[in-house]
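Chemist: Encoded as structure tokens, here's the structure I'll be asking about.
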Amino acid sequence: MIAVQNSITRKLTHFDYYTSSQELNGSEAKDFIECLCRDAIDSENTLEDFCADMGYDPKNTDDIATYQACKKIASQLGYLDIDYNNYEAIFEEAEPVLINPSPSQQDEDYYATI
């Protein structure tokens, strides 16, 4: 799990994140945020359009779950006041920072600020 915080509003939310690597570096924080934004953009489509674009089956429960997960990501980014349709602008202001959690953040694998 990665905790992501808007460095201006201080709003914080958590995203599930799975990787084969034990460590993430700062440049991977940018890739992570970009992936979240692209998933959120994809979720703006209907389920049928989403599945057609991704090569998924709109009747497959795993594919429906993927669509719903992308919708959740969009909601979480909205909570953070992130304009995911214009995510390149996020990186013009500042690069996201990814750090290993402090002892008080035991539930998170990583903590990122944007």
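Chemist: Out of region 31-46, which residues are in contact (Cβ under 8 Å) with a residue 60 or more places away in the chain and outside any helix (DSSP H, G or I)?
Modeler: Matches in region 31-46: none.
Chemist: OK, next. What's the number of the only condition in (1) polar (S, T, N, Q); (2) exposed (fewer than 14 other Cβ atoms within 10 Å of the Cβ); (3) at pLDDT below 85; (4) within 16 Å of the chain's Cα centre (by Cα) that residue 68 fails to meet?
Modeler: (3)
Chemist: In region 1-48, how many are of a type in the set (Val, Ile, Thr) and modelled with pLDDT under 75?
Modeler: Qualifying residue count for the region: 1.
Chemist: Determine the pairs where a residue that is under 16 Å from residue 75 (Cβ atoms) and part of a loop (DSSP other than H, G, I, E, B), located within region 1-30, has a partner that is aliphatic (A, V, I, L, M) and modelled with pLDDT under 80 with Cβ atoms under 7 Å apart, the partner being 6 or more residues away or on another chain.
Modeler: As it stands, the answer is 6/114; 16/1, since those pairs meet every condition given.
Chemist: Let me ask something else. Yes or no: region 47-70 includes at least one residue that is in a helix (DSSP H, G or I), closer than 22 Å to residue 5 by Cα and not β-branched (Val, Ile, Thr).
Modeler: Among the residues of region 47-70, at least one is in a helix (DSSP H, G or I), closer than 22 Å to residue 5 by Cα and not β-branched (Val, Ile, Thr), which makes the answer yes.
The values are calculated or read from the model by the stated rules, or taken from the named source; none is laboratory data. Just so you know, these numbers come straight off a predicted model, no measurement behind them. We place every Cβ from the backbone using ideal geometry, glycine too, and count neighbours over all the protein chains shown.
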